[in-house]
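Notes for the one structure printed next.
The values are calculated or read from the model by the stated rules, or taken from the named source; none is laboratory data. Remember, predicted model here, so these are calculated numbers, not experimental data. FYI the Cβ positions are ideal-geometry reconstructions off the backbone, even for glycines, and counts take in every protein chain you see. Each accessible area value is taken on the protein alone, full model and side chains, heavy atoms only, with ligands, DNA and RNA left out. Shrake-Rupley method; radii C 1.70, N 1.55, O 1.52, S 1.80 Å.
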Amino acid sequence: MARPNDEVEALLREYADLIAITGGDAFKARAYEKAARAIGGYPADVSKLDADGLKEIPNVGKSIADKVAEYLRTGKMAVVEERRAKIPAGVRELITIPTLGPKKALRLYEDLHISSVSELAAAIEADALADLKGFGEKTQDNIRHGIELLQRAGARVPLSLALDTAEEIVAELSEVTGCKRCAYAGSLRRMRETVGDLDVIVAAKKSEPFMAALCELPATAEVIARGSKKTSVRTGKGLQVDLRVLPPESWGAGMQYFTGSKAHNIRTRTIAVHQGLKLSEYGLFDAGSGDSLASRTEEEVYARLGLPWITPTLREDRGEIEAALHGELPEVVTEKDIRGDLHTHTDLTDGLAPLEEMAAVAAERGYKYYAVTDHAPNLYMQRMTDEKILAQRERVRELDGTHHRMRLLHGTELNIDPDGGVDWPEEFLAGFDLCVASLHSHFDLGRRAMTRRLVRACEHPYVNIIGHPTTRLIGKRPGVDADWDEVFAACARTGTALEVNAQPDRLDLCDEDILRAREHGVRFAVNTDAHSVPHLAQLRYGVGTAQRGWLTKDDVINTWTLARLRRFLRKGR
């Protein structure tokens, strides 16, 4: 159920890969990558645009616009079909492995006739790559890890795709006559970073109309099983959807049961058994008489077990039951609590929209403050200069307070060098309202060197936030190797916040790292790292991750008042 923009983005990215595989012009491949990113981040629906309208999108020239228009008109792009025909399907399968680029994939196919992930895994184990130039021990270790990442992801889909799909299905089924309530449950409701399948629950007296409606949805590509209590389908994006229809009086028990997690449910069922009760998706019953004691709402069910309602993002059996029993459940941060975004980009560097547009949309979201943090000069491809950033600062000051009185902060995203240094001298950095510092290169430093690098960045007097701290890309790139407890301790000691990056392919820090860092007394910033207007709405994914890490408003600096935030940003200077 992806937007047309997302479909076009994926196709153009594939074409860029195909160009690289076949030894095409690297600049041409880069042009298609930039166009793909621009279209993916474009706020308007590209299917409503003609070729001239498409050319208005940044980085989309006439040639690319014509190809996109062709796809939107016919469902195909001839140049992509031609390139696909030249490249064996096995090679295209190999480039899905994180850490394995297109050129190496083609070498493996041409020299060793390897055309599948399983064949490559077997070849590595048999040491068949030892004599192949460019495939030394370290490269093989990286590929092996990439295969593990791919296999671990399996058929799971990103949180963002699952949520978009779920919301569309819930909206459609809610319109069916007889629907009392409809919602998604499962790991999606718990906001896990990837989702294996989608659980949708309907409260209604008759199930058949809903089973039929699900099977007939445009997104449904295959009906796996159809019954009166449960129907399973697979969408065109490969996501399995399981629909269950329950009696309205069982709604609360059903939502509690199907939300999970399995470990959390074992704990609640154990509590029920100890009280002489039986808990199922239909309700909480007296084990002896069979009388229903609670079922209509989750609150009723938890209360009858002697527990307060537990927010779904905490239901992982990571201490939430004990905290609930002792009255110590955290009041987790919500999207409404966020007063501003502290990590965003404009078209001055690699963003897609001008400062004025990004600020206007941020103000419409109700933010009290908003930071612009374009890249610093050591990320050479962005061609930042002192003159450019100072001119932007002047414009930020002019716009400050003009959009619904929202305050604009001028910041930058610095690059953490291999030795822990950052762009620009301290006297220049003193002019910024805040500085985010991030790793953008040298991800393979050893553990000790990486730890020193991050600790030194934390100790810098003008570094306020460490952006996407581990650098991981979910299912594509592992996080860097560091002694994270030492890094977390340094953050707490120096007053440096750690980012919870809301981009769906990052969610960095992840929930488990957040839990560890919180124990050290670290503060956090939940930011979008937005490079386009639509990215600003991705805040929801970061907030969900923050909740899974048990963060409260007090833990998250961008829920604070501007005055309190400014005091924190001074780092004791």
Note: among Ala35, Ala44, Ala51, Ala20, just one is open to solvent by less than 50 Å² (accessible area, probe 1.4 Å), touching a helix residue (DSSP H, G or I) at 6+ places or on another chain (Cβ under 9 Å), more than 18 Å from Ile95 (Cα to Cα) and in contact (Cβ under 8 Å) with a residue 24 or more places away in the chain, namely Ala35
Checked Ala502, Ala497, Ala546, Ala563 against criteria (free of Cβ contacts under 8 Å to residues at least 60 places away in the same chain and either touching a strand residue (DSSP E or B) at 6+ places or on another chain (Cβ under 7 Å) or buried (at least 19 other Cβ atoms within 10 Å of the Cβ) (or both)); the one match is Ala502
Only one of Gly53, Gly24, Gly101 is small (Gly, Ala, Ser) and under 29 Å from Val533 (Cβ atoms), namely Gly53
Discussion item. Considering only segment 282-294, I want to know if a residue exists there that is under 29 Å from Ser250 (Cα atoms), modelled with pLDDT of 95 or more, in a helix (DSSP H, G or I) and in contact with a helix residue (DSSP H, G or I) (Cβ under 6 Å, 6 or more places away or on another chain).
Written reply: no
### Query
Can you spot a residue in segment 212-228 that is open to solvent by 10 Å² or more (accessible area, probe 1.4 Å), in contact with a strand residue (DSSP E or B) (Cβ under 9 Å, 6 or more places away or on another chain) and touching a residue at least 60 places away in the same chain (Cβ under 8 Å)?
yes
Of the listed residues (Pro209, Pro102), the one being farther than 29 Å from Glu512 by Cα and crowded, with 21+ Cβ neighbours inside 10 Å is Pro102
Picked from segment 316-360 (must be open to solvent by 50 Å² or more (accessible area, probe 1.4 Å), part of a helix (DSSP H, G or I) and touching a residue at least 40 places away in the same chain (Cβ under 8 Å)), the residue farthest from His375 (Cα to Cα) is Glu335
Within segment 459-494, of all residues that are open to solvent by 10 Å² or more (accessible area, probe 1.4 Å) and among the aromatic types (Phe, Trp, Tyr), the one farthest from Glu148 (Cα to Cα) is Tyr462
Scanning segment 276-299 residue by residue, the ones that are more than 33 Å from the chain's Cα centre (by Cα), open to solvent by less than 80 Å² (accessible area, probe 1.4 Å) and not hydrophobic (A, V, I, L, M, F, W, C) total 8
Heads up, the strands (runs of 3 or more DSSP E) in segment 396-496 (entirely inside) with at least 1 residues that are farther than 22 Å from Phe568 by Cβ and modelled with pLDDT of 95 or more are 407-415
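Okay, residues lined up against (1) in contact with a strand residue (DSSP E or B) (Cβ under 8 Å, 6 or more places away or on another chain); (2) over 30 Å from Val245 (Cβ atoms):
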| position | (1), (2) |
| --- | --- |
| Lys103 | no, yes |
| Ile114 | no, yes |
| Glu119 | no, yes |
| Asp141 | no, yes |
| His145 | no, yes |
| Glu168 | no, no |
| Ser187 | yes, no |
| Arg192 | no, no |
Inset, instruction - Scan segment 145-157 and give yes if some residue there is over 26 Å from Arg548 (Cα atoms), in a helix (DSSP H, G or I) and β-branched (Val, Ile, Thr), otherwise no. - result: yes
Being in a helix (DSSP H, G or I), without any contact (Cβ under 8 Å) to a residue 12 or more places away in the chain and closer than 30 Å to Trp251 by Cβ: is that true of Ala122 here?
no
Of the residues in segment 227-252, those that are more than 28 Å from Leu279 (Cβ to Cβ) and among the basic types (Lys, Arg) come to Arg234, Lys237
In segment 300-312, anything assigned to a loop (DSSP other than H, G, I, E, B), of a type outside the set (A, V, I, L, M, F, W, C) and either surrounded by 16 or more Cβ atoms within 10 Å (Cβ to Cβ) or in contact with a strand residue (DSSP E or B) (Cβ under 7 Å, 6 or more places away or on another chain) (or both) is listed as Thr311
| said: For segment 362-370, check the following and say yes or no: at least one residue is over 19 Å from Leu569 (Cβ atoms), within 27 Å of the chain's Cα centre (by Cα) and open to solvent by less than 10 Å² (accessible area, probe 1.4 Å). | reply: yes
Pairs returned, first residue in segment 392-419 that is over 30 Å from His442 (Cβ atoms), second residue that is open to solvent by 10 Å² or more (accessible area, probe 1.4 Å) and part of a strand (DSSP E or B), beta-carbon separation under 7 angstrom, 6 or more apart or interchain, are Asp400/Arg407; Gly401/Arg407
